[in-house]
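The values are calculated or read from the model by the stated rules, or taken from the named source; none is laboratory data. Remember, predicted model here, so these are calculated numbers, not experimental data. Don't worry about glycine lacking a Cβ; one is built from the backbone with ideal geometry, like all the others, and counts go over all protein chains shown. For the accessible areas, the whole protein counts, side chains as well, though only heavy atoms, and no ligand, DNA or RNA atoms are used. Shrake-Rupley method; radii C 1.70, N 1.55, O 1.52, S 1.80 Å.
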Amino acid sequence: MTARNKSTKYGIIIILLILATAAYFIYNLQSSNKLPVVQPAPDFELEELSGGVFKLSEQAGKVMLMEFMFTSCPDICPATTYNMVLLQDELNKQGIFGKNVQFAAITFDPNTDTPEVFQAYAERMGIDQSGWRLLRGDEEYTIQKAKEYGIGVQRLADNQFVHTVTSLLLIDANQQVRKVYRMGEEMDNGLILKDIRSLLKER
C-alpha cells in the first residue's frame, strides 16, 4: 500500500470516528431534553357527564393534561381551569386539541358536582368539551385514585376540601406521568405548551 493510500484510509477512518462521535452526542443531547417519567399513570374508571364510562387505559395515543378539582373551590381550582382554557384555545388554533391532546377535570366532590352543576361550570369557564373530559365518580374511590397520583385530599367540616396544590398532571401517549405542575396563578402556560409539544414529538 502506498503512502498516499494509507493516508487516505486513515483520513476516512478519522472522518467516520468524528461523525460517529457527533451522532452520539446529538442523540444524548436529544435524550437529555426529554421529560423524565415520574410514574406510570394509574388506571381508573369514572363517569362522564354524558353518563358514559371513561377508562384511562383506553386513551393510549393521546397526550393528556389532567386536573383533580371541585367546582365550589373558591380560588385555586377556577384559576387552574381558566389557565387550562387558555391552553385549550391555543391548542385549538394549532388544530390538535381533542385530536392529539385532550384535557380532563376530575372532581372529588361528586355530591355537589352533579352532572348539571359540572355542565354549568364548563359553560361558565369556556370549556370546549370536544377535547375535554369532565369526570366524576364515588368520592372515596376518586380520593383513593388521587392518592395513587401522589395527591392528598381531605374533606373539611364545612364540606369544603383541601388538596395538594400540585394536582395538575401531564400524561404521555404511553400513559406515563411525565410532569406535575403547581395549580392556579403559578401555572406557566408557556412551559406547559412546550412540554405538550415535546410529548407529541415522542408519539
Legend entry - Dipole magnitude of the range 67-203 about its Cα centre (Cβ charges: Lys, Arg +1; Asp, Glu -1), debye to nearest 20: 620 debye
Legend entry - Heavy-atom surface of the range 72-160, accessible at 1.4 Å and reported per residue (Å²): 46 Å²
Legend entry - Long-range amide H partners of ARG133 with built H, under 5 Å: PHE103, ALA104, ALA105
Inset, instruction - In whole angstrom, note down how far apart the Cα centers of the range 141-192 and the range 50-71 are. - result: 13 Å
Legend entry - Per-residue ³J(HN,Hα) for the range 129-135, Karplus 6.51 cos²θ - 1.76 cosθ + 1.60, θ = phi - 60°, Hz, x for Gly and Pro: 6, 5, x, 10, 9, 9, 10
Inset, instruction - Would you work out which of GLY150, CYS77, SER198 lies farthest towards the positive end of the dipole of the range 60-203, given +1 charges on the beta-carbon of Lys and Arg and -1 on that of Asp and Glu, about the Cα centre? - result: SER198
Inset, instruction - Hey, can you grab everything whose amide H is under 5 Å from the amide H of GLN39? Only 5+ residues off in sequence or another chain; H modelled, so Pro and N-termini drop out. - result: VAL177
Inset, instruction - Would you please give the residues with an amide H less than 5 Å from that of THR71, counting only those at least 5 places away or on a separate chain, with H modeled from the backbone geometry? - result: none
Inset, instruction - Would you kindly derive the ³J(HN,Hα) couplings of the range 101-115 from the backbone phi angles with the Karplus curve 6.51 cos²θ - 1.76 cosθ + 1.60 (θ = phi - 60°), listing them in order in whole Hz, with x for Gly and Pro? - result: 10, 9, 10, 9, 10, 10, 8, 9, 10, x, 5, 7, 7, 5, x
Inset, instruction - Work out from phi, with θ = phi - 60° and the Karplus expression 6.51 cos²θ - 1.76 cosθ + 1.60, the ³J(HN,Hα) of each residue of the range 174-187, listed in order in whole Hz, and give x for Gly and Pro. - result: 9, 6, 10, 6, 10, 7, 10, 10, 6, 8, x, 5, 7, 5
